[in-house]
Amino acid sequence: MRPVYVCQLPEDLQGEIRDIFTRLLLYQCGGEDKAEEYFGMSLADAVQQGMDLKIADMDCAAEPLKSGGDMADMPESIREDMERLAQIMAQRREMETDSPFLYLAGEQVGERDQYEMVNAIWHHGEDDYGLWQVEIPIYLVRNILNSPQNFVGDLDEVLDGVPLEPWPPNHTMHFLFPRGGRIACCSMEMGNEFFAEYGIQGSSVRGSREDIREELTVLLSVERAEESGEAER
């Protein structure tokens, strides 16, 4: 069965989980300053690491509390948060699937008319890269995030990790998403219908590694700023 990630859940449920992670980390560490000292990063980045997990691994946020003492001594709100995480984890098998597409267009109630800008890259040869920016439906973005072919790194690690492919490339696309100050590279084979629908849309550029790196630095910085602004609102 293909696992489901927290970032694939409905936005309202993601928000609930983010709030739970935040409260649990603050309680475990005794405050925001101590949490940031313990994790060596901002509280928001520490919470984001939890948001990047598979649903099956969410319990890591509660495990230190379970193993560290009597739950009866905890505030009721913290016990309720832990119980809620357990409820969500118990439902995960209902969400897992053997299908390469977890989210089908017809099942995206309220999302079929919503689009998100994505960035895809290719590595054509020595110092030869391509970048494509295009808007695609949110349900497709969720499918891409579900791909088991993914890794997270900084921009240079991502550029190094994209496989060398001849031109024209095959139907495997390498999509980039900002994630907690780093970049998730999710690779997925897209069908002929995808290229027929979106192949002539968006904008593309081909150039040296440094050219594409400069483009992505700007594009992904803008996306991170937009995510940060949405979180503040």
Within region 183-230, count every residue that is under 17 Å from residue 161 (Cα atoms), open to solvent by less than 20 Å² (accessible area, probe 1.4 Å) and modelled with pLDDT of 90 or more. 5
Out of curiosity, is residue 14 modelled with pLDDT under 85 and either in contact with a Gly (Cβ under 6 Å, 6 or more places away or on another chain) or open to solvent by 60 Å² or more (accessible area, probe 1.4 Å) (or both)? no
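Output yes when any residue across region 153-171 is of a type in the set (S, T, N, Q) and either within 23 Å of residue 51 (Cβ to Cβ) or within 17 Å of the chain's Cα centre (by Cα) (or both), and no when none is.
No, that holds for no residue.
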In region 18-42, what count of residues is obtained for those that are surrounded by 15 or more Cβ atoms within 10 Å (Cβ to Cβ), over 21 Å from residue 74 (Cα atoms) and among the hydroxyl-bearing types (Ser, Thr, Tyr)? 0
Can you list residue pairs whose Cβ atoms sit under 7 Å apart, with the first residue in region 190-204 being small (Gly, Ala, Ser) and the second being surrounded by 11 or more Cβ atoms within 10 Å (Cβ to Cβ) and modelled with pLDDT of 85 or more? Count only pairs 6 or more apart in sequence or on different chains. 202/132; 202/133; 202/134; 202/135; 203/133; 204/130; 204/131; 204/132
Among residues of region 142-174 being open to solvent by less than 60 Å² (accessible area, probe 1.4 Å) and modelled with pLDDT under 85, the residue nearest to residue 195 (Cα to Cα) is 169
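The values are calculated or read from the model by the stated rules, or taken from the named source; none is laboratory data. Worth saying up front: this structure is predicted, and the values here are computed from it rather than measured. Counting neighbours? That spans all protein chains shown, and the Cβs are built from the backbone with ideal geometry, glycine included. Remember, those area values only see protein heavy atoms, side chains included, never the ligands or the DNA or RNA. Shrake-Rupley method; radii C 1.70, N 1.55, O 1.52, S 1.80 Å.
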